[in-house]
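Laboratory data are not the source of any read-out in this text; all were calculated from the coordinates shown. Keep in mind that this is a model prediction, so the values were computed, not measured. Reconstructed Cβ throughout: ideal geometry from the backbone, glycine too, with neighbour counts over all protein chains shown.
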Amino acid sequence: MNYKNTSSSYKYLFPIIIFLLFCGQTDVRSQQIKNTVPTISAVDSARSIKSLKRDINKILRAKHLQTRTKMAVAVYSLTNNDYYYSKNLDLQLTPASTTKLITTFSSMNIMGEDFKIKTTLYTDAKHVRDSVLEGNLYIYGRGDVLLSLADIEYLAAEIHKFGIRKINGNIYADGSYFDGMTDRKVYSGDKDRVEKLPPITALVLEQNLVQVNVNAGSVPGELLSVQIIPASSAIKIIVEAKVKGKVRRKKRSSIDTAGRFDDLVYGGEVFPQKYGDASSSKKRRRRKRPTVKVLSKMGTDSLQSITVSGYLKPNKSYTSRYYILNPELTVAGYLKNRLTNAGVKVSGDIGEKCIRDLDSTIIMQTVAEVERPITDLIYTANKESNNYFAETLFKIIGAYRGNYENNAEESRKSIVALADSLKIPFDKCNFFDGSGLSRRNTVTAHALIELLIKSKSVFETNIFDSTLSIAGVDGTLMKRMRNTPAEDNLRAKTGTLRNVSALAGFVTTPDDEELVFAIVFRGNHISDYKRAEDRIGQLLSHLFYFNEDI
């Protein structure tokens, strides 16, 4: 097939179309039209690729991209099996969140694209007699970071469906599928945290976040009402806060200023997120924070305590979210709560217990189970660049391989072994975590390109491609490359750290040629790097070839 560039094609293409509309598409006329079009040679096609290289080089020669910047750029044609462009193909650079491509590709490959993550309810009871289960219940997690309150309610409902109305035993939670390293900073060996994440555990509930809702009544001096979600006996609430002052009779704005905060609290730090203007007057007033203080900590009794102090004005509210510090016990407590609500009385208490034997198999009877496709986690990890989901997948790989003592170490070995088997050049790559938060991770554009190429042949469908953000449509690319040829076309994974910007993925040309690209910058001009990525993405998305065979 011979091709030529858009700029040299349009002057021939439009007259031909007009001619066809008036004269009809007969073989004779088509042949006559073909005779009017200059012959396109292999030299012309080579010129088109040369033009592409020139345009990319022009983008990369921008002033800020030349100032203390290291870069690697590669473009590969899946259609023609050839590199159209490469610059520093094997240069080691920090990949940032493009590391998630490696984590998600490996998890889907090692465990299978149809793999399901299971959260199982077991029992050691031998029988059920007169609606009474004589034994304990055990809830065993395997890293389902999407496990929700509704899922626990489903498990409780399944117990009730068996005809069980009483459990003469305890409710135990087992998170031993993962090791005890719940902090990414610990298993990555990093000196800095970069971003705080909830505890990374095998048994998760609502992504290990507890929401604290505080409401003030209308009577000054009375204690505030405090509600936590999830409600679990593993979390104690201590209320010291009261309603302040007297109820003002003067008519005020109906806008609840305190209620417009939805604060996310990480390790004692509060980050308010504003939803609108709190003032109803023409002059904007400075909004005061509620004077409620919420302290979350672990007690010596293994229970998490949430203490609410301070005060709120009458009829005001305050919401904050904290890490769940004891996820396993919290899940057991919430399960007991839901069983009671479903009409199943539990005579025992809640606790933690490992139920795997020496052969790492479960020796209990399955009562109920929740299954989650691994692709659900991969979609969120890639499209939304969710670090928590990526780290969970990273640990799942190690646990799936049978290393329950050090998930991360086993995951690294498994990823490298997979790359070797698929002949992906990972010899210059290093992985210390699964999300890309570690600044010590290294990757090459060559490795990213080859991984993306393999994703097209290893998996039966374009399932991996579909987990990437789409330019101008969703995920981390929702606001990028809008109203350009790249919109709703280019699919890629973004990557950003304080001194790193990266973009790697796929794009389809108007001639249905599929290109794979990888762009990685390291330096101090992140906004300029993003602009360069977008310009290259747009350039590739409108790379048009016109075949001489009409």
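If we sort 201-213, 446-458 on the protection proxy, mean other Cβ atoms within 10 Å, highest first, what's the order?
Listed from highest to lowest mean packing, they are 201-213, 446-458.
Which net charge results for the neighbourhood of M481, defined as the other residues with beta-carbon distances under 13 angstrom from its beta-carbon, given Lys and Arg at +1 and Asp and Glu at -1?
Taking every Cβ under 13 Å from that of M481, the sum is +2.
At what distance in angstrom do the alpha carbon centres of region 430-474 and region 133-198 lie from each other?
Answer, in whole Å: 29.
Return the loop-located trypsin sites (Lys or Arg not before Pro) in region 89-155 (DSSP other than H, G, I, E, B) with at most 14 other Cβ atoms within 10 Å of their own Cβ; answer none if there are none.
K126
Could you give the nm distance between label points at K116 and S527, where each point is 7 Å from its Cα heading toward the beta carbon?
4.9 nm
Find how many whole Å separate the alpha carbon centroid of region 523-538 from the alpha carbon centroid of region 72-107.
Computed from Cα coordinates, the inter-centre distance equals 16 Å.
Using a ≥ b ≥ c from the Cα gyration tensor of region 409-550 (square roots of the eigenvalues), is it rounded, prolate or oblate, where a/c under 1.5 gives rounded and otherwise the larger of a/b and b/c decides, a/b for prolate?
Oblate is the answer for region 409-550, as a/c is 1.5 or above yet b/c matches or exceeds a/b.
Which of the trypsin sites (Lys or Arg not before Pro) found in region 374-439 are in a DSSP loop and have at most 12 neighbouring Cβ atoms, other than their own, within 10 Å?
K423
Give the lysines reachable from K244 as a straight Cα distance under 25 Å; neighbours fewer than 8 places away on the same chain don't count.
Candidates past the 8-residue exclusion: K236, K274, K288, K293, K313, K316.
Rounded, prolate or oblate: which one fits region 309-455, using the alpha carbon gyration tensor with axes a ≥ b ≥ c (rounded when a/c is under 1.5, else prolate when a/b beats b/c, else oblate)?
The shape class here is oblate.
Below 8 Å between Cα atoms, with a sequence gap of 6+, how large is the relative contact order for region 61-188 in percent?
18 percent
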